[in-house]
Every structure is written in C-alpha cells, then in structure tokens.
1. Can you list the lysines whose alpha carbon is less than 20 Å from that of K142, not counting same-chain residues fewer than 8 positions off?
2. Viscosity 1.306 mPa s, temperature 10 °C: what is the translational diffusion coefficient of the chain from Stokes-Einstein with a Kirkwood Rh over Cα pairs, rounded to a whole number of µm²/s?
3. What cysteines in the chain have no other cysteine with a beta carbon less than 4.7 Å from their beta carbon?
4. Please provide three numbers in whole Å: the alpha-carbon extents of segment 98-158 along the principal axes, with the largest listed first.
5. Assuming R0 = 41 Å, what is the FRET efficiency of A180 and V45, from their Cβ-Cβ distance, to the nearest 0.05?
6. Hey, for a label at C192 modelled as a point 7 Å past Cα toward Cβ, could you say which residues of segment 50-76 have their backbone N under 16 Å away?
7. If segment 108-208 were replaced by its equivalent ellipsoid, with semi-axes equal to the square roots of 5 times the Cα gyration tensor eigenvalues, what would those be, largest first, whole Å?
8. Give me the Kirkwood hydrodynamic radius of segment 1-79 in Å, from all C-alpha pairs, to one decimal place?
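Throughout, read-outs are computed from the coordinates displayed, never taken from laboratory work. Since this is a predicted model, take the numbers as computed values, not measurements. Cβ sites come from the backbone with ideal geometry, for glycine too, and all protein chains shown count toward neighbours.
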Amino acid sequence: MKVDGEPLGEGYFNVRAGDLACIVTALEMREPPADLRRLTPEDDVPIQLVRWKDCTPEKYRMLYKRVGGPWLWWSRLIKNDAELSEILSDSRVHLFAVVDRARVEIGIVELDFRTEGECEIVFFGLIPGATGKGLGKWLMRKALQMAWAKAVSRVWLHSCTNDDPRAVPFYMSRGFKPIARFVEVYRDPRLCGLYPEETAPKIALITG
C-alpha cells in the first residue's frame, strides 16, 4: 500500500465535493493462529471455495460489484480489461469464488503473493444475502490456511470506514492486529458511472 504525505495533525480538513474520504486500517498477523490446522467438520457448510482460474474481466467485475457494491468498492472497476487481466493471470495472484450448493458465486477471496514473503488478502467478502450467517469464520479459516501454506512470514489486509462496520472487529477476532491507519481520498465512484447514485445510501453523496 503506497501512502503519500506527512501524517495529518489534529483538526478538521476539507474534502472536495464529489470526493470521498475514509479511514483505512491495516491489520496483520506474523504467525498462523495456533488452531489453524485443527480439523473441523465441514459437511454442514453450505459453501465452497473454488479456484477461479478462467475468470474473465467481465465476470470478475460482476461478482466484485455484487460483493462490494454496498461498500462502494472501486479500485478494480477503474482498470481496463488489459490491466485487470494482467493481475488475474499472474500466477502469484490466487483468486477464489465462493459458491453455494447451487454452484452460484456468492463471494470472493483474493490472495496476493506478489510481494516476497507476504500474502495480502486483497478482497474478502460475501454478497449481502450471505452475510450474518457465520460463514465468514469458515471462509477466513480457509483463506488463512492457504495463505500460510506458502513460505510467508506475514499475512495482512486492510479495511476502511466505508466497509461493513463489523469487518475490523471480525478480523481482530481471527487473529489480525491493527498496525497502521491512513486517510484515503478518492472520487466518489457513483459520480464516475461505476455505480448508480442510489448505491450505498449510508454514504452521503455530495455533488456540490
């Protein structure tokens, strides 16, 4: 994660109309949880994690928006097909679709091993109808098992104040520790045609 500028001092700071500002929290773990290898029954788990090797940019964007739309995920939507394909085809990027018993994609997990010795959980989430059912615990366990199966000494991720407010407490409950905080300012994706203006009504849309 590239961070620019000096740390902000105390006070209020103007944000341009049409921009969004959020607080980003980075979290990491330096060793796998003690119980990560413990066998757990999976017969009653109604989802599976499937490696998505043949994913096209179009299919990726569709699932990305279904999962991230309520939180205005945007960073992958501004990439063109060539840029997105370059990421998805990289052997060090492991993309997984979460599928239900009908084999319908209902979530996404993306692990990035492009930095030596590290794994970033770049995207982790379920569509709104699949959240709040305890599936995230199973899903994170699977993600961590795959991350720590590689020769890494650090697994990390980040969340922001525009994400689900349960995200950071959930990550901490899984063993991640918060290590840094940043301010991110970016153009509101609803004003760039990436999402309809009525998306994510909890995040106020200010046009001028």
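1. K53, K133, K150, K177
2. Working: Rh = 18.4 Å.
For the chosen part, D equals 86 µm²/s.
3. C55, C119, C192
4. The Cα atoms of segment 98-158 stretch 36, 20, 15 Å along their principal axes.
5. On the way: r = 33 Å, r/R0 = 0.81.
Calculated transfer efficiency: 0.80.
6. 61-62, 64-65, 68-76
7. Details: eigenvalues 157, 58, 34 Å².
Working from the Cα gyration tensor, I get semi-axes of 28, 17, 13 Å.
8. 18.0
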